[in-house]
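Structure record follows, encoded as structure tokens.
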Amino acid sequence: MIRALLCCVGVVSVLGHPQYRDTIPNGYSVFNPCGSNFWEAVGHYNDIHHTHDKNPFGKAFAAAGHQWTTALCQADSDGDGTSNGAELGDPNCVWTVGATPEGKSTGQPGICEPIGSGACSSSAFRCGCHGHSCVG
Ligand SMILES: [Ca+2]
């Protein structure tokens with residue numbers, strides 16, 4: 001019974017899990033380009049649900065071993081011209097777990113912003129889309 005439970009917990013917890021949000025700067029207050037609330041499921045296209053549709057930042061975060069590395073900080077996972085660190089409030093990539101970030105999150109590192117702009121035309125993501133249709 002316990003083994004079955006652990007199995008399923010592992011499957012659904014992808015960057016929506018509190019311990020993951022603790023390992024990125026401003027993990028609990030990530031800018032939401034689609035609304036006034038924070039983006040909860042940072043590594044996903046859906047802002048509150050931890051679906052299987054990981055956004056580019058979610059994929060890069062997983063590839064980095066779920067750790068905030070200098071390379072991950074300096075990368076621009078969503079391709080909108082702003083680094084992950086700048087979007088999450090760690091523009092100089094100096095943040096460490098438990099520390100206070102230099103600034104606030106001003107962008108979503110896995111969502112190309114401004115949404116729907118020319119620079120983001122290759123992304124099919126639109127606010128309000130949920131599920132597989134969000135992947136772009
Ligand atoms: Ca970016």
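Things to note:
- Computed from phi, the 3J(HN,Hα) profile of segment 113-125 under the Karplus parametrisation 6.51, -1.76, 1.60 (θ = phi - 60°) reads 10, x, 4, x, 6, x, 5, 10, 5, 7, 9, 7, 5 Hz, with x in place of Gly and Pro.
- Estimated distance in nm for a label pair at Gln19 and Cys34, the labels positioned 7 Å out from Cα along Cα-to-Cβ: 2.8 nm
- The amide H of His44, built 1.01 Å from its N in the peptide plane, has Asn55 as neighbours under 5 Å, considering only residues 5 or more places off or on other chains.
- Ordering of 34-40, 70-76 by packing [mean C-beta count within 10 Å, highest first]: 70-76, 34-40
- Square roots of 5 times each gyration tensor eigenvalue, C-alpha, segment 18-136, largest first, Å: 21, 15, 13
- Ordered from largest to smallest accessible area (heavy atoms of protein chains, 1.4 Å probe), the residues Arg126, Arg21 come out as Arg126, Arg21.
- Estimated FRET transfer efficiency when R0 is 22 angstrom, pair Ser122-Ala71 (beta carbons, to 0.05): 0.45
The values are calculated or read from the model by the stated rules, or taken from the named source; none is laboratory data. All values reported here derive from a predicted model rather than from experimental measurement. As a convention, Cβ positions derive from the backbone with ideal geometry for all residues, glycine included, and neighbour counts pool all protein chains shown. We work out accessible area using only protein heavy atoms, side chains counted, and drop any ligands, DNA or RNA first. Shrake-Rupley method; radii C 1.70, N 1.55, O 1.52, S 1.80 Å.
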